[in-house]
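The values are calculated or read from the model by the stated rules, or taken from the named source; none is laboratory data. For clarity, every value in this text was computed on a predicted model and none was experimentally measured. We place every Cβ from the backbone using ideal geometry, glycine too, and count neighbours over all the protein chains shown. Heads up: the accessible areas ignore ligands, DNA and RNA and are worked out on the full protein's heavy atoms, side chains in. Shrake-Rupley method; radii C 1.70, N 1.55, O 1.52, S 1.80 Å.
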Amino acid sequence: MKVDDAGSMAENPSPQIRIKSYNPYESRYPSQRVISRETLDLLKTLRKQGYTVVVDPDDGSNLAYTTQKGLREFLADPINLLVVGIPINIMVGLLSTWLYEKFKRIPTDEEVNIILEVDQDGERIHYNHKGRQLSEKKFQSVIRLMTRE
């Protein structure tokens, strides 16, 4: 409480801050009080701290605010990130598959065989590791190669 010169007690008013509104869209929306989103956030913070904040002109009309939408705001939304991420993941998968097919190791002309010898009713039959039957000629050539080394 503050005592003025007349001796009466008057309340100590809180500090007052005046913000001037600016309407960049005056031609489309006349007589609107407009501030930026950042100014609105500052206004709310100041009011929480006990300041009296007035937006000029104080004609009692509704207060509007403007905001900018850009890449940063777009990417801040998790739904947008999910939607943007789906085609990116598909493209990366296709690209990696293509690169793998293009640069994978090409087998050499040498073929490694594991030979299985099966005795069926007294007859020996030879199979390779893929389950295909080997001819006697192919079997003998493999045996010659093994004995040479």
### Task
Taking only protein heavy atoms into account and a 1.4 Å probe, give the accessible area per residue of region 37-149 in Å².
90
### Task
May I ask for the net charge around Gln68, where only other residues with Cβ less than 10 Å from the Cβ of Gln68 are counted and Lys, Arg are +1 while Asp, Glu are -1?
+1
### Task
Only loop residues by DSSP count here, and only those with at most 15 other Cβ atoms within 10 Å; note down the trypsin sites (Lys or Arg not before Pro) in region 29-69 that meet that.
Lys69
### Task
Note the count of lysine pairs whose C-alpha atoms are less than 29 angstrom apart in region 15-109, limited to pairs 8 or more residues apart or on different chains.
5
### Over region 42-149: Rg over Rh, Cα atoms, Kirkwood Rh
1.65
